[in-house]
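The values are calculated or read from the model by the stated rules, or taken from the named source; none is laboratory data. These numbers come from a predicted model, not from an experiment. Cβ placement follows ideal geometry from the backbone for every residue including glycine, while neighbour counts extend to all protein chains displayed. These accessible areas exclude ligands, DNA and RNA; they are computed on the full protein's heavy atoms, side chains included. Shrake-Rupley method; radii C 1.70, N 1.55, O 1.52, S 1.80 Å.
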Amino acid sequence: MQLISTKQELLAVVEACKQQKKSIGLVPTMGALHEGHASLVSRSVRENDVTFVSVFVNPTQFNNKEDLAKYPRNVQADADLLASLGADFMFAPTPEEMYSAEEMSNTFSFDFAGLDQVMEGKMRPGHFNGVVQVVSRLFYLVQPDRAYFGEKDFQQLCIIHHMVERSSLKGTFGNLQIVDCPIFRGANGLALSSRNARLSEEEKETAVNISRALFMSHAWAKAHTVKEVEQMVIDTINSIPGLEVEYYEIVDATTLQPTDTFTNAVGCVTVYCGPVRLIDNIKY
Ligand code: PAF
């Protein structure tokens, strides 16, 4: 596996792949890779001639400086894992390599047709502008045929689909296909996340109650209203010492607007486990 840290080097390598008519898979990540990422990378390796994995803790998508500072980083372990999975290129630039000073201040604002006004977007102002800023840059640089994203970040995935499908951008990214990959859970049900690395063993046990409540809600949905299910999930999680729900919303999986039916519905939750903010979701 080749490690790349500059845009210039990346562009040269991509150009060579294009000339050889190789299909390109891209897995954008912020590093601290876990089995969830590994499943995306393995899928890309299976489905494409070459796989690029970006490892970049993108400063412009963090609205909380402490979260950015404490975001787990382990580039050597990431490189070892990616090599063992058969990835071809790991792109790990510095923020200065990725952005000019002006770009770093993230004054860009994209139109997301309201998809960014709810849930994560409401709680983390500017977050999705930063995500789209970096993801669109990666698409321009790597020109992938397929890009792989996990469904744990459900709202992020909706917004990336929106960005790619927006009529003004149609054609910009060629025939790029966004590949939605299912949430990867540990045997105990906990959704894998890089932020889990910040949890103690005891907190990890506690955090299992988040997915447990979501699974229970799936059964409840057969005999309760959306409002009742929402309340049950919030009360169940909040009853566990050490957990605090920031929001739980059952929304339409396409528009992300609140819904009162379980058709095409997804329940998205954000929970503080001690100081660590975790997200998860379930489709009904
Ligand atoms: O999901 C993530 O890890 C990040 O938001 C992404 C898509 C790599 C952009 O920085």
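Under 14 Å from the Cβ of ALA113, count the other residues' Cβ atoms, weight Lys and Arg +1, Asp and Glu -1, and hand me the total. Before the final figure, lay out each step's value.
Values: positive: ARG166; negative: ASP111, ASP116, GLU165, ASP252.
Net charge in that neighbourhood comes out at -3.
In nm, what is the difference between 0.36 nm times the number of residues separating LEU11 and GLU165 and their Cα-Cα distance? Each step should come with its number before you reach the end.
On the way: separation 154, 0.36 × 154 = 55.44 nm, distance 2.43 nm.
Extending this stretch completely gives an extra 53.0 nm.
For the range 206-284, just list the percent of Cα-Cα distances falling in each 5 Å bin from zero outward, please.
3, 18, 31, 24, 15, 8, 2
Can you pull the three principal axis extents for the Cα set of the range 175-243, in Å, largest first?
On the principal axes, the range 175-243 reaches 41, 37, 18 Å in Cα extent.
I want to make sure I understand the PRE zone here: with the label point 7 angstrom from the Cα of ASP67 toward its beta carbon, which residues in the range 261-284 have backbone N atoms less than 17 Å away?
Zone members listed by number: 268-281.
With runs of 4+ DSSP H residues as the only contributors, calculate the mean residue ellipticity of the chain at 222 nm using -39,500 (n - 2.57) per run, divided by the residue total and rounded to the nearest 500.
-12500 deg cm²/dmol
Would you mind giving the three semi-axes, in whole Å and largest first, of the ellipsoid equivalent to the chain according to its Cα gyration tensor?
Details: eigenvalues 208, 87, 68 Å².
Rounded to whole Å, the semi-axes are 32, 21, 18.
Put +1 on the Cβ of every Lys and Arg and -1 on every Asp and Glu Cβ in the range 129-207; which of TYR148, ALA187, LEU176 then has its Cα farthest towards the positive end of the dipole?
Checked the options; the winner is LEU176.
Apply the Debye scattering formula to the range 1-148, with a single equal point scatterer on each alpha-carbon and no solvent, then give log10 I(q)/I(0) at q = 0.19 Å⁻¹.
With no solvent term, the Cα-only Debye profile gives -1.21.
Collect residues whose amide H, placed 1.01 Å from N in the peptide plane, falls under 5 Å from the amide H of ALA253; neighbours closer than 5 in sequence don't count.
Residues meeting the amide H criterion: ALA265, VAL266.
I'd like to compare 94-102, 7-15: which one has the highest average count of other Cβ atoms within 10 Å, and what's the full order after that?
Values: 94-102: 12.2, 7-15: 15.1.
Packing proxy ranking, top to bottom: 7-15, 94-102.
One quarter of the convex hull surface, Cα atoms only: what value does that give for the range 130-176 in nm²? Each step should come with its number before you reach the end.
Numbers: hull surface 12.5 nm².
Answer in nm², one decimal: 3.1.
Stretch GLU202-PHE108 to full length: gain in nm at 0.36 nm per residue minus the Cα-Cα span?
Details: separation 94, 0.36 × 94 = 33.84 nm, distance 4.04 nm.
Taking GLU202 through PHE108 to full extension adds about 29.8 nm, to one decimal.
How far is helix 154-165 tilted off the main Cα axis of the chain, in degrees rounded to 10, range 0 to 90?
The angle comes out at about 40 degrees.
Sum up the charges of everything whose Cβ sits under 12 Å from the Cβ of ASP180, counting Lys and Arg as +1 and Asp and Glu as -1, but leave ASP180 out.
Local net charge: +2.
Can you give the local net charge around ASP260? Use residues other than it whose beta-carbon is closer than 13 angstrom to its beta-carbon, Lys and Arg +1, Asp and Glu -1. Walk me through the numbers on the way to the answer.
On the way: positive: LYS227; negative: GLU228, GLU230, GLU249, ASP252.
Once positives and negatives cancel, what remains is -3.
Show me, bin by bin at 10 Å from 0, the whole-percent P(r) of the range 1-53 based on Cα pairs.
The calculated distribution, bin by bin, is 23, 51, 24, 1.
Note the angle between two axes, namely the Cα long axis of helix 226-238 and the longest principal axis of the Cα atoms of the chain, as a number of degrees from 0 to 90, rounded to the nearest 10.
The two axes meet at around 90 degrees.
About the Cα centre of the chain, how large is the charge dipole given +1 on each Lys and Arg Cβ and -1 on each Asp and Glu Cβ? Please answer in debye to the nearest 20.
Details: 25 positive and 35 negative charges, 100 e Å.
The dipole of the chain has a size of about 480 debye.
Mind checking the dipole of the range 1-121: about its Cα centre, +1 per Lys or Arg Cβ, -1 per Asp or Glu Cβ, Debye to the nearest 20?
Numbers: 9 positive and 17 negative charges, 77 e Å.
Dipole of the range 1-121, to the nearest 20 debye: 360 debye.
Treating the beta-carbon of each Lys and Arg as +1 and of each Asp and Glu as -1, no other charges, what is the dipole magnitude of the range 9-58 about its Cα centre, to the nearest 20 debye?
160 debye
Could you rank MET119, MET104, MET1 by how accessible they are, 1.4 Å probe, largest area first?
Numbers: MET119 0, MET104 60, MET1 90 Å².
Ranking MET119, MET104, MET1 by accessible area, largest first, yields MET1, MET104, MET119.
Starting from the exponent 0.38 and prefactor 2.2 Å, build the expected Rg for the range 84-225 from its residue count and divide its actual Cα Rg by it.
Working: Rg = 18.1 Å, N = 142, 2.2 N^0.38 = 14.5 Å.
Cα Rg divided by the expected 2.2 N^0.38 Å: 1.25.
Under the Karplus relation 6.51 cos²θ - 1.76 cosθ + 1.60, θ = phi - 60°, what is the ordered set of whole-Hz ³J(HN,Hα) values for the range 212-223, x standing for Gly and Pro?
Ordered by residue, 3J(HN,Hα) equals 4, 5, 5, 5, 4, 5, 5, 5, 4, 4, 5, 10 Hz.
Can you compute 3J(HN,Hα) from phi for each residue in the range 27-32, using the Karplus curve 6.51 cos²θ - 1.76 cosθ + 1.60 with θ = phi - 60°, rounded to whole Hz and x for Gly and Pro?
10, x, 9, 10, x, 6
Work from the charge dipole of the chain (Cβ charges, +1 for Lys and Arg, -1 for Asp and Glu, about the Cα centre) and give the residue of LEU243, LEU82, HIS34 farthest towards its positive end.
Selected residue: LEU82.
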